[in-house]
Amino acid sequence: MDIGFIGLGNMGAPMAANLVRAGHTVTAYNRSRERVDALVALGARPADSVADACRGEAVVSMLANDDAVEAVSFGPGGILSTLAGSATHVSCSTVSVELAQRLTDAHGKAGQRFVAAPVFGRPEAAAAAKLFVVAAAEPDALEGVSPIFGAISQRTFVVADDPAAASLVKLSGNFLIASVIESLGEAMALVGKAGVDKQQYLDILTSTLFGAPVYQTYGGLIARGEFEPAGFAATLGLKDVRLVLAAGEDLRVPLPIASLLRDRFLALLAGGGEALDWAAVGALAEWEAGGPRPGS
């Protein structure tokens, strides 16, 4: 396929690289040119603007937040104004349900296709093409971009015809991950202060009742205090919890744990944790119990 790719951050760069390795023609755009140059060295084409990345059959966006996606989609020379009528915008970003709906409506009016396809997985999973894609769109739109998913992921879950549903599923998943991080951190602070080795404690958990990857990955980061460099920044964790709360308010679904998590992320950021991985929320309990500040 002839694919444009917008956003070469911690996740986007390895995803785009895997598309190149799979034999697709990839035209890449990123605000910082050095990220583009690294991909060009693998065989991609450089794009000097968003519009230059929108000349092919599809364009993939992988950006940090709603503001960034809005800027490249609705702005002058953006995706909506330059993408061909028969082409597809695949948004792999974790965005609000409200923005996913606006993008669906706007692309429909422009005669274009829109697929919401946020992913589960950290940068190392992206590099290994082991992401999980949560996709939603009309069946013909999904069929047309299935080679993209095949190159970046180990499995694609199609959840609905409405792209907004994929955003909601992804946000709910990130809410659950944040809940695991907080509860693991509290439990480790408790046993650690009593002298139990945290790595041994994690091995007990993951060898018995909690063998899921989320416990293994984030438990390991918390036990070792490995929060830099951030694979997923704490600021993005706060962003996603806020989006979950907004979705809950719109649907009239109380989310009391999400409210707690919002305050925990605010506490981490107020303590200077903006550059840390969101797993550092799991170190707050130890700090509050007299331990070191997260990231120190």
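What follows draws every value from the coordinates through simple rules; no lab data is involved. Here the structure is a predicted model, which means the values were calculated and not measured. Note that each Cβ is placed from the backbone with ideal geometry, even for glycine, and that neighbours are counted across all protein chains shown.
Relative to the longest principal Cα axis of the chain, at what angle does helix 97-109 sit, 0 to 90 degrees, rounded to 10?
Its long axis makes an angle of about 10 degrees.
May I ask for the equivalent-ellipsoid semi-axes of the stretch 2-161, computed as the square root of five times each C-alpha gyration tensor eigenvalue and listed largest first in whole Å?
Values: eigenvalues 84, 67, 41 Å².
Values for the stretch 2-161, descending: 21, 18, 14 Å.
Would you work out the charge dipole size for the chain about its Cα centre, treating the Cβ of every Lys and Arg as +1 and the Cβ of every Asp and Glu as -1, and quote it to the nearest 20 debye?
In total the dipole reaches around 300 debye.
Between (i) 1.15; (ii) 1.00; (iii) 0.94, which matches Rg/Rh (Cα atoms, Kirkwood Rh) calculated for the structure shown?
Computed from the coordinates, Rg/Rh (Cα atoms, Kirkwood Rh) corresponds to (ii).
How large is the charge dipole for the stretch 2-161, taken about the Cα centre, if only the Cβ atoms of Lys, Arg (+1) and Asp, Glu (-1) carry charge, to the nearest 20 debye? Spell out each step's value before the answer.
On the way: 12 positive and 16 negative charges, 79 e Å.
Computed about the Cα centre, the dipole is about 380 debye.
Pairing the Cα long axis of helix 198-207 with the longest principal axis of the chain, what angle in degrees results, from 0 to 90 and rounded to the nearest 10?
60
Give me MET188, MET1, MET15 sorted ascending by neighbouring Cβ count inside 10 Å, so fewest comes first.
Ordered by Cβ neighbours within 10 Å, fewest first: MET1, MET188, MET15.
Gap in Å between the Cα centre of the stretch 79-140 and the Cα centre of the stretch 227-296?
Cα centroid to Cα centroid, the span is 26 Å.
Report, to the nearest 10°, how far helix 139-152 tilts away from the longest principal axis of the Cα atoms in the chain, using its own Cα long axis and a range of 0 to 90°.
Orientation of helix 139-152: about 60 degrees from the principal axis.
I need THR208, THR25 ordered by Cβ neighbour count within 10 Å, fewest first.
Arranged by neighbour count, lowest to highest, THR208, THR25 become THR208, THR25.
All other residues with a Cβ under 13 Å from the Cβ of VAL133 taken together, and with Lys, Arg as +1 and Asp, Glu as -1, what is their net charge?
Computed value for this residue: +3.
Would you check the chain for Lys pairs whose C-alpha atoms are within less than 28 Å, ignoring same-chain pairs closer than 8 in sequence, and give me the count?
For the chain, qualifying lysine pairs total 4.
Using Cβ contacts closer than 10 Å as the measure, can you line up TRP287, TRP278 from fewest to most?
TRP287, TRP278
Rank by packing, highest mean first: peptides 238-250, 166-178, with packing defined as the count of other Cβ atoms within 10 Å averaged across residues.
166-178, 238-250
Give me the dipole magnitude in Debye, nearest 20, for the stretch 168-288 about the Cα centre, with unit charges on the beta carbon: positive for Lys and Arg, negative for Asp and Glu.
240
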